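Asker: There's a structure below that I have some questions on.
The values are calculated or read from the model by the stated rules, or taken from the named source; none is laboratory data. In this text the structure is predicted, and so the values were computed from the model without any measurement. Because the Cβ atoms are built from the backbone with ideal geometry, glycine has one as well, and the counts that use them run over all protein chains shown.
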Amino acid sequence: MSTFSDSEISNKKLAAGLTGIFLGAFGVHKFILGYTKPAIIMLVVSLAGGLVTCGVASFVMGVIGLIEGIIYLTKTNAEFETTYLDAEKSWF
């Protein structure tokens, strides 16, 4: 049984989707969903890895964030809740 209301799910889905699209390289969308470890991984890879690889790692993290943001926004509230809030699927 869910502990989230429909408006809370919609708000989390919208916030995670938009930040995934616009700030995905930094893992902000994962922080919003409460996935601290994957968020820190994305942040470190983007910043430290981006310096070492001349931005390639940051680009890759940005593409991952973009894809995840689109996936979040295209799911129904029930699918989003089941997949990302209840089951805590942290990648794609």
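Asker: Being hydrophobic (A, V, I, L, M, F, W, C), surrounded by fewer than 20 Cβ atoms within 10 Å (Cβ to Cβ) and touching a residue at least 12 places away in the same chain (Cβ under 8 Å) is the requirement here; does residue 73 meet it?
Answerer: yes
Asker: Scan region 47-62 residue by residue and report those that are in a helix (DSSP H, G or I) and more than 23 Å from residue 11 (Cα to Cα).
Answerer: Once the filter is applied, which keeps residues that are in a helix (DSSP H, G or I) and more than 23 Å from residue 11 (Cα to Cα), region 47-62 yields 47, 48, 49, 50, 51, 52, 56, 57, 58, 59, 60, 61.
Asker: Now, a different point. Could you grab me the full set of residues in region 5-46 that are outside any helix (DSSP H, G or I), surrounded by fewer than 15 Cβ atoms within 10 Å (Cβ to Cβ) and on the phi < 0 side of the Ramachandran plot?
Answerer: Hit for region 5-46 is 5, nothing else.
Asker: Here's a check for you: in region 73-92, which residue that is hydroxyl-bearing (Ser, Thr, Tyr) and over 14 Å from residue 8 (Cα atoms) is modelled with the highest pLDDT?
Answerer: This residue is 74.
Asker: Take residue 85 and decide whether it is within 15 Å of the chain's Cα centre (by Cα), part of a helix (DSSP H, G or I) and within 16 Å of residue 24 (Cβ to Cβ).
Answerer: In short, no.
Asker: I need every pair where a residue in region 35-54 that is within 17 Å of residue 88 (Cα to Cα) has its Cβ under 8 Å from the Cβ of a residue that is hydroxyl-bearing (Ser, Thr, Tyr) and outside any helix (DSSP H, G or I), sequence separation at least 6 or different chains.
Answerer: 35/90; 37/90; 38/90
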